[in-house]
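Peer 1: Can you keep this structure in mind? I'll have questions shortly.
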Amino acid sequence: MAEHEKITMAQAFNQALRDAMTADESVLMFGEDVGALGGVFRVTDGLTAEFGGARCFDTPLAESGIMGFAVGLAMNGMRPVVEMQFDAFAYPAFEQIVSHVAKMRNRTRGALSMPITIRIPYAGGIGGVEHHCDSSEAYYAHTPGLTVVAPATVADAYTLMREAIASPDPVVVLEPKKLYWSKDEVDLDEVQPGIGRAVVRREGTDATLIAYGTSVPIALEAADAAAAEGRSLQVVDVRSIVPFDDETVCAAVRSTGRAVVVAEAPGFASVSSEIVARVTERCFHHLAAPVRRVTGFDIPYPPPKLEHLHLPSVDRVLDAVDTLQWDDV
């Protein structure tokens, strides 16, 4: 792939998989329809043709079996990469993930590692129906033993996928479905911050917007709209939910004294809740106002015609910013 070529996020994930499989023969890619079809979103397109059906292959429609198979492979020296075709399809595999994938290293006192990458196309914005648009990051983030990342840029899609596959421990990669077709001109050889680091995507002085995955573009749009109204909003892309980069996030909040967390998932007992708690605990004496949240509502994912009302929007973000106890409001 040429330097600084403009590619989609799906292509960046694809190239990360291709490069990892080229570099290490123990890397296998499998899941539902990932072989000849190349996956529902074509993220695995061409991998079976290039590496053969023994290294990129289709499985039965049995997510628990997919994960159990990955556990056995990892115990025997392989590096499986599995795709859960849609976010909510992963729930039948959840017992395997929580009981075995996340706990095997601890259970065996380090004798067995679980170098498994769990690819989960997540969140909404594609006009999908129930079981195709969940934001299930809180389940994984709450499970000790799992690393959880959510890229929002084309460059991060490549970097975080490569780091996930190289990790000796299990990593859940939340792939933002509605950003699969976003494009950017990137140099995939350029070193990006790795797992465990947040990034300031936009500087600002009045308030800090904190987001990850699908919500980062919304935060950036809100910052653009606020600038037109004379308000300077900083945007922090969390990138790595577990481990969480308290240092970068809290430094950003301390610099502005105000913060809004933006995420698609329902707000109750969520990753956004945890971010608010961490920021409040560490930045309390720097805050000019309580930390606000803009999230999905605490309901099952709505029908496609109503999802625009459910998802965080620029207007909802700006409304939250307006509540941050400004002297001019």
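The values are calculated or read from the model by the stated rules, or taken from the named source; none is laboratory data. These numbers were taken from a predicted model, which means no experiment stands behind them. Don't worry about glycine lacking a Cβ; one is built from the backbone with ideal geometry, like all the others, and counts go over all protein chains shown.
Peer 1: Name the residues in region 38-66 that are hydrophobic (A, V, I, L, M, F, W, C) and either within 29 Å of MET104 (Cα to Cα) or touching a helix residue (DSSP H, G or I) at 6+ places or on another chain (Cβ under 9 Å) (or both), would you?
Peer 2: Residues satisfying the conditions are PHE41, VAL43, LEU47, PHE51, ALA54, CYS56, PHE57, LEU61, ALA62, ILE66.
Peer 1: As an exercise: evaluate VAL171 against (1) closer than 29 Å to HIS308 by Cα; (2) at pLDDT 95 or above; (3) of a type outside the set (Asp, Glu) and give the number of the one condition it does not meet.
Peer 2: Result: VAL171 passes all but (1).
Peer 1: Filter the helices (runs of 4 or more DSSP H) completely within region 223-329 down to those with at least 3 residues that are touching a residue at least 24 places away in the same chain (Cβ under 8 Å) and either over 26 Å from PRO151 (Cβ atoms) or in contact with a Cys (Cβ under 8 Å, 6 or more places away or on another chain) (or both).
Peer 2: Hits in region 223-329: 246-256, 271-283.
Peer 1: What number of residues within region 179-222 satisfy the criterion of being among the β-branched types (Val, Ile, Thr) and either surrounded by fewer than 16 Cβ atoms within 10 Å (Cβ to Cβ) or assigned to a helix (DSSP H, G or I) (or both)?
Peer 2: Number of matching residues: 5.
Peer 1: Which condition breaks for GLY39 when tested against (1) buried (at least 19 other Cβ atoms within 10 Å of the Cβ); (2) in a helix (DSSP H, G or I); (3) without any contact (Cβ under 8 Å) to a residue 60 or more places away in the chain?
Peer 2: In the conditions (1) buried (at least 19 other Cβ atoms within 10 Å of the Cβ); (2) in a helix (DSSP H, G or I); (3) without any contact (Cβ under 8 Å) to a residue 60 or more places away in the chain, GLY39 misses (2) alone.
Peer 1: Then there's this: For region 175-199, give me the residue count where each residue is out of contact with any His (no Cβ under 6 Å at 6 or more places or on another chain) and closer than 14 Å to ALA12 by Cα.
Peer 2: Number satisfying all stated conditions: 14.
Peer 1: Also: What are the residue pairs meeting all of these: first residue in region 67-94, first residue within 16 Å of ARG105 (Cβ to Cβ), second residue among the charged types (D, E, K, R), Cβ atoms under 7 Å, and 6 or more apart or on different chains?
Peer 2: ARG79/ASP24
Peer 1: Still on this structure, I have one more. For GLU229, which of the numbered conditions (1) at negative phi; (2) modelled with pLDDT of 95 or more fails to hold?
Peer 2: (2)
Peer 1: Name the single residue that is nearest to the chain's Cα centre (by Cα) among those in region 86-125 being closer than 21 Å to LEU28 by Cα and of a type in the set (Phe, Trp, Tyr).
Peer 2: PHE86
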